[in-house]
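Working notes for the structure below.
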Amino acid sequence: MRLLKLVPDNTNIGFVRLRYWAFGLTAALTLAACALVGIKGLNLGVDFVGGLMIEAKFVQPPHLDDVRETIDSLGVGDAALQQFGAPNVVSIRLPPPPSADPAANNAVVAKVKTALLREHPGMEFTRYDTVSGKVSGELIRNGVLAVVLAVLGIALFGAFRFEWQFGAATFVSIAHDVLMTLGFFALTQMEFDLNIVAAVLTIIGYSINDKIVIDDRIRENMRKYRKMDMKALIDLSVNETLPRTVMTSLTIMLALGALLIWGGQVLRGFSAAMLLGIVVGTYSSIYVSSSLLITLGVGNRNRDEDAAKPAGRNANAERVGPRT
């Protein structure tokens, strides 16, 4: 029985020759992601903003203005409404009640449910969460700190494990992966909660695993083919690791696709973030991180030293001088 090979053994794709197109596309997407986050912002979940978050499922898609008017008449605070997933599912976000007592939260939820059932028979609450403002502030700080430290730690590891150019290229590509994920959530306005922070950290872990494998092969080939042009050497290294990259990414994407379709609403944001991260991380490993090494001049110092060394016995004779 023949083994399944998604990538032929003799694959020789010229990834490096497309590096300027890839750099331009990467810069454009990164700027667009930053603009989306700055203009539209993230739809932060209750984990980060505090308060009550209620997910209500209606029999028929409701008019959000009617739902907002019903809730505002209760005097429980300004409600932020958003259709969530299906047209008949609405996310209701309310400020926390003055009292931090859990009984006060339950009373607000019961009050809202009673009012909505009166106007929309058959409506049900599928879930609701409560978080205090103090806890949400700590979660924002800790979440941002976790992501920043993870990216910096990985970049330092690449610099010490290989050369500083590898660390710099890894930092740029992983920052690109994170910004792409944030831009996606700003564009779709999907809820950004602690599950998404966990997804972002998982994306960072996957990306560094893929990049370290390619970087290690590049370093190995630099020792093996000391006279080979760096463009050809990087193409060779990426093509040698391409079967592993494609197979790993494809199997993970199949699992994430199943979670996205059948995992339910709770796992939908996590699955979507991971799926996007795998695609973006694979792209950045092949086209950004590896090709950026050429721009940063990796290997030039070693090659200059080799060129400066005397070439064999004739060079030694010239250095010592002619015999008499």
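The values are calculated or read from the model by the stated rules, or taken from the named source; none is laboratory data. No experiment lies behind these values; they were computed from the predicted model shown. Positions of Cβ are generated from backbone atoms using ideal geometry, with glycine treated the same way; all protein chains shown enter the neighbour counts. The protein model used for the area step is the full one, side chains on, heavy atoms only, and it has no ligands, DNA or RNA in it. Shrake-Rupley method; radii C 1.70, N 1.55, O 1.52, S 1.80 Å.
Summary table
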{"item": "Estimated FRET transfer efficiency when R0 is 45 angstrom, pair Trp262-Lys231 (beta carbons, to 0.05)", "result": "0.50"}
{"item": "Pair Leu149, Ala110: separation of 7 Å Cα→Cβ label points (nm)", "result": "4.2"}
{"item": "Residues Ala86 and Val213, FRET efficiency given R0 of 25 Å [Cβ-Cβ distance, rounded to 0.05]", "result": "0.05"}
{"item": "Solvent-accessible area per residue for region 156-254 (1.4 angstrom probe, square angstrom)", "result": "43"}
{"item": "Neighbourhood charge, 12 Å Cβ-Cβ cut-off, centred on Arg19 and excluding it, Lys, Arg +1 and Asp, Glu -1", "result": "+1"}
{"item": "Cut-off 15 Å, label 7 Å out along Cα→Cβ of Arg223, residues of region 154-172 by amide N", "result": "161-163"}
{"item": "Asp78/Gln189 FRET efficiency (R0 25 Å; Cβ-Cβ; nearest 0.05)", "result": "0.85"}
{"item": "Rough spin-label spacing in nm, given labels placed 7 Å along Cα→Cβ, for Cys34 and Leu64", "result": "2.9"}
{"item": "Highest-first arrangement of 268-280, 223-235, where packing means the average Cβ count within 10 Å", "result": "268-280, 223-235"}
{"item": "Solvent-accessible area, 1.4 Å probe, carbon plus sulfur percent, for region 110-258", "result": "66"}
{"item": "Net charge dipole size for region 128-264 [Lys, Arg +1 and Asp, Glu -1 on Cβ; Debye, nearest 20]", "result": "580"}
